[in-house]
Amino acid sequence: MKYKSVIGFTTLIFSFLFLFGCKSETVDNTDQLIGRWDIREAKRNGQATESLDQLYFEFFQDGNMKTNILGADEEATYELDSKVIRQRESQMPIDYTIESISDTSLIMNATINRFNFRFQLGKTVEEE
C-alpha cells in the first residue's frame, strides 16, 4: 500500500513539473507588422475573390492603423496579442489571426460576417 502512495505522489510531482516547465512563449511581431501591407491574394470561404483587389492594411507604432477592409478607407486602433491583431474603434471590430509573418509577407485569417477570409499580403517598401 505504501508503494502505491509513493508512486502516486511521484507521478503528481512530475505532472506539476511538466505542466509548469512547459511555458508558452509570447511572440512579439510588432516590428515586423509596422508598415503598409497590400493584398496579393484574398480568399473567401476557400475561394479566390477579386472583390478585395485594392485591400491594404497600414500599421503604425502608436497602435493606430488604416485599412479599407470594409470598402472605404478608415482609421482604427489595433492591439497585437501574440498571433492575433485586434482591430478596434472602427466600423466593425475584427480579429485577424496571423498564420505567418516575415519582413516581406503577411498571411492572416479572419471571420467577417460569417465568412472566412484568408489574406496574403506583401509589404510595400517606401521609396526615399
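The values are calculated or read from the model by the stated rules, or taken from the named source; none is laboratory data. Quick caveat, the model's predicted, so the values are computed rather than measured. All Cβ positions, glycine included, derive from the backbone under ideal geometry; neighbour counts span all protein chains shown.
Below is a table of values for the structure above.
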item	result
Index of the failed condition, residue 89 passing every other in (1) touching a residue at least 12 places away in the same chain (Cβ under 8 Å); (2) closer than 17 Å to residue 68 by Cβ; (3) out of contact with any strand residue (DSSP E or B) (no Cβ under 6 Å at 6 or more places or on another chain)	(3)
Residue 89 vs. criteria in contact with a Ser or Thr (Cβ under 8 Å, 6 or more places away or on another chain), of a type in the set (D, E, K, R), at positive phi and at pLDDT 95 or above	yes
First in region 60-78 and on the phi > 0 side of the Ramachandran plot, second anywhere and surrounded by fewer than 14 Cβ atoms within 10 Å (Cβ to Cβ), Cβ under 8 Å, 6 or more apart	63/79
Which numbered condition residue 72 misses (of (1) assigned to a loop (DSSP other than H, G, I, E, B); (2) in contact with an Asp or Glu (Cβ under 8 Å, 6 or more places away or on another chain))	(2)
